[in-house]
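Here is the structure we will look at, set down as structure tokens.
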Amino acid sequence: AQSVTQPDIHITVSEGASLELRCNYSYGATPYLFWYVQSPGQGLQLLLKYFSGDTLVQGIKGFEAEFKRSQSSFNLRKPSVHWSDAAEYFCAVYSGAGSYQLTFGKGTKLSVIP
Amino acid sequence: DVKVTQSSRYLVKRTGEKVFLECVQDMDHENMFWYRQDPGLGLRLIYFSYDVKMKEKGDIPEGYSVSREKKERFSLILESASTNQTSMYLCASQTKWQGGFNTEAFFGQGTRLTVV
């Protein structure tokens, strides 16, 4: 069965600093990978997704992620963090037809220092 | 605009009560899901449905049941609420498998349920 690991429970960065959130997945075939963001008290919003092709994908709000098959990773990055980026971030994997479900990591909470 | 609506943002129920959480989507999606979210545990799948009247157990179905009588509506039922079911509940919908690209899940705003 597929699984997702987000090694960092909580990260604090200063506004304007760069950000990288780590995600490792376990899945035998080519995975379909997602990053979602959850602001306090809200549902989840899709930031970006990877299905195939270019391993560097661009998302909303200036985020990008890079798929590295050799490292089973799909890390999320942003060059300059804004205070409004403070939220919880979830990586997820979808194994494709017949499975239906997303498997989520446990999330990384991002705090931003002004 | 895509929309998944959960009937309540906050609910407080007593132990032993039967609780219904409702979710409606307006995207004509085949797949619908109920997740439970707890601090440090991420999102865990309770049940999902891939068609009307069809349901499958997820990772933590114990103490829950679901109903999908219409394509747009997916209900989560706590047969006899207990304090350990205090949590955030998230509903999601998704189109059926179409070769990959359109399989993102859309989430509702969540229902924070407190069982006292």
Practice task
Tell me, yes or no, whether segment B:71-88 has at least one residue that is among the aromatic types (F, W, Y) and out of contact with any strand residue (DSSP E or B) (no Cβ under 7 Å at 6 or more places or on another chain).
Solution key: no
Practice task
For A:L46, indicate whether it is hydrophobic (A, V, I, L, M, F, W, C), in a strand (DSSP E or B) and under 11 Å from the mean Cα position of the chain (by Cα).
Solution key: yes
Fill in the blank from the handout: Taking segment A:15-49 and keeping residues in contact with a Pro (Cβ under 8 Å, 6 or more places away or on another chain), surrounded by fewer than 16 Cβ atoms within 10 Å (Cβ to Cβ) and among the polar types (S, T, N, Q) leaves A:S18
Practice task
Answer yes or no as to whether A:F74 is of a type outside the set (K, R), in contact with a Leu (Cβ under 8 Å, 6 or more places away or on another chain), in a strand (DSSP E or B) and more than 27 Å from B:R36 (Cβ to Cβ).
Solution key: no
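Among the residues of segment A:12-47, which ones are of a type outside the set (F, W, Y) and within 10 Å of chain B (Cβ to nearest Cβ)?
A:T30, A:Q38, A:G41, A:Q42, A:G43, A:L44, A:Q45, A:L46
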Handout entry: Residue that is nearest to the other protein chains (Cβ to nearest Cβ) [pool: residues in segment A:85-109 that are modelled with pLDDT of 95 or more and farther than 15 Å from B:P39 by Cβ]
Key = A:C91
Problem - strands (runs of 3 or more DSSP E) completely within segment B:7-116 that count 2 or more residues being within 14 Å of chain A (Cβ to nearest Cβ), at pLDDT below 95 and surrounded by fewer than 20 Cβ atoms within 10 Å (Cβ to Cβ) - result: B:42-51, B:54-57
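The values are calculated or read from the model by the stated rules, or taken from the named source; none is laboratory data. Note that the structure is a prediction, hence the values are computed from the model and not measured. With ideal geometry, Cβ positions are generated from the backbone for all residues, glycine too; neighbour counts draw on all protein chains shown.
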